[in-house]
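Reading through the structure tokens given below for one structure.
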Amino acid sequence: MSPEDTALTVPKAELHLHIEGALEPELAFECARRNGITLPYADVADLRRRYDFSDLQSFLGLYYTGMDVLRTRQDFTDLTDSYLDRARKQGVRHAEIFFDPQAHTTRGVALETVLDGLEASLATSEQRFGVTTRLIACFLRDHGPDSAMATFDELLPHAHKLTGVGLDSAEAGFPPDAFAPVFDRAREAGLRLVAHAGEEGPPEYVWQALDVLGVDRVDHGIRAVEDTALLRRIARDQVPLTVCPLSNVRLRCVDTLDEHCLPRLVDTGVLTTLNSDDPSYFGGYVGDNFHAVRQELGFDDAALREFAANSVRASFLGAGEQDRLLREITG
């Protein structure tokens with residue numbers, strides 16, 4: 001089996017995927033057409049050329065412009081179907097999908113429209129694509145804790161459709177500890193907890209995600225390598241990190257992939273998973289990330305299978321479902 005085949009075919013879970021970031025330019029233009037929206041780009045090729053980001057904030061500007069085409073239930077269903085179809089071709093057997101309620105409700109799209117559209121795809125994802133799914137609602141940290149709490153109130157009647165809540169968007173200047181009250185409520189409601197921390201923000205944000213928010217997983221977390229005590233803690237407690245290598249390069253968190261801290265995380269014993277983040281914008285889906293770290297960082301087939309196994313162990317699947325997938329990975 002070739003290295004590329006292993007990267008694409010090994011069964012895996014994806015745990016860090018923003019569904020809005022799977023909006024391919026072709027679908028963006030299709031949604032714009034049927035919703036009577038004029039995008040500020042000449043065509044698909046022109047839009048793809050804009051995918052050259054200097055940092056997280058420069059990406060978010062384009063991201064939110066593209067997202068504005070998502071208006072109807074059908075738009076969200078088509079978006080989710082598009083992701084699942086691509087993901088299954090890259091070995092994804094389980095996906096824990098983020099969505100950003102505030103990014104839609106603040107522009108006049110009802111929460112029910114978003115959830116109904118997502119659910120129309122996810123309800124039959126296993127039958128149609130061979131992919132089981134979970135849904136995680138993320139709070140936009142740059143909207144502040146009061147907005148997050150109001151959003152949680154709106155989500156609560158729909159909590160049975162969710163597995164967890166998360167924290168995402170612009171990290172610098174928005175520490176996790178400000179969101180402790182809403183995370184406490186989510187925990188009381190029986191939801192699992194994740195948070196972006198240590199992507200652009202400092203190691204202190206990872207400490208806060210762990211000790212103040214009490215998260216089950218840390219999304220990104222790569223700046224933990226700057227704090228030896230933190231790195232030891234994450235390794236000792238087997239706190240999963242959902243690392244997104246191609247995203248880290250595209251957003252200039254690291255200059256090149258061969259400078260990525262992934263080998264150090266692995267060598268330290270951190271439970272590390274590989275994910276795509278916003279695959280339409282960052283140069284590849286999860287299998288492409290597996291392939292890239294093999295090519296640039298020298299991970300072999302055994303290491304790729306361990307990343308895949310880690311993704312299952314770090315998932316919110318039940319023990320029986322985890323065991324079934326792990327048996328497939330280990331052969």
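Every number in this text was worked out from the coordinates using simple rules, so none of it is lab data. These numbers were taken from a predicted model, which means no experiment stands behind them. We place every Cβ from the backbone using ideal geometry, glycine too, and count neighbours over all the protein chains shown.
Need the full-extension length gain, ALA319 to ARG48, defined as separation in residues times 0.36 nm minus the C-alpha distance. One decimal, nm. Can you show the working numbers first?
Details: separation 271, 0.36 × 271 = 97.56 nm, distance 4.09 nm.
So the chain would gain 93.5 nm between ALA319 and ARG48.
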- Work out, step by step, the length gained on full extension between GLN57 and ASP184: first 0.36 nm times the residue separation, then minus their alpha carbon distance; give nm to one decimal. 42.9 nm
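The stretch 19-82: Rg/Rh from Cα coordinates, Kirkwood Rh?
Taking Rg over the Kirkwood Rh, I get 0.95.
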- Item | Of GLN322, HIS220, ALA309, farthest towards positive along the dipole that unit charges on Lys, Arg, Asp, Glu beta carbons give the stretch 187-331 | GLN322
- Would you give the gap between the C-alpha center of the stretch 257-331 and the C-alpha center of the stretch 160-207, rounded to a whole Å? 22 Å
- Tell me, what ³J(HN,Hα) does each residue in the stretch 178-183 have, in order and in whole Hz, if you take phi through Karplus 6.51 cos²θ - 1.76 cosθ + 1.60 with θ = phi - 60° and put x for Gly and Pro? 5, 9, 4, x, 6, 5
- Note on the structure: Long-range amide H partners of ALA195, meaning residues 5 or more apart or on another chain whose placed amide H is closer than 5 Å, are LEU167, ARG217, ASP219
- Message: For Cα pairs less than 8 Å apart in space and 6+ apart in sequence, what is the mean separation divided by the residue count of the chain, i.e. the relative contact order in percent?
- Response: 22 percent
- Query: So who's got an amide H within less than 5 Å of the one on LEU135, skipping anything under 5 residues away but keeping other chains? H placed 1.01 Å off N, in plane.
  - Reply: ILE97, THR163, GLY164
- Among TYR63, ALA172, LEU84, whose Cα lies farthest out toward the positive end of the dipole of the chain, if unit charges sit on the beta carbon of Lys, Arg (+1) and Asp, Glu (-1)? LEU84
- Task: Return the single residue from THR242, THR272, THR132 with maximal mean-square fluctuation; model: Gaussian network over the chain, springs between Cα atoms under 10 Å.
- Result: THR132
- Message: Give me the extension gain from THR106 to LEU326: residue separation times 0.36 nm, minus the current Cα-Cα distance, reported in nm with one decimal.
- Response: 75.1 nm
- Pop the C-beta distance of ALA120 and THR228 into the FRET formula with R0 = 45 Å and round what comes out to the nearest 0.05. 0.45
- Message: In whole Å, what are the extents of the stretch 1-153 along the principal axes defined by its C-alpha atoms, from largest to smallest?
- Response: 47, 39, 32
- Charge dipole magnitude, Cβ of K and R +1, D and E -1 - the chain, Cα centre, debye nearest 20: 620 debye
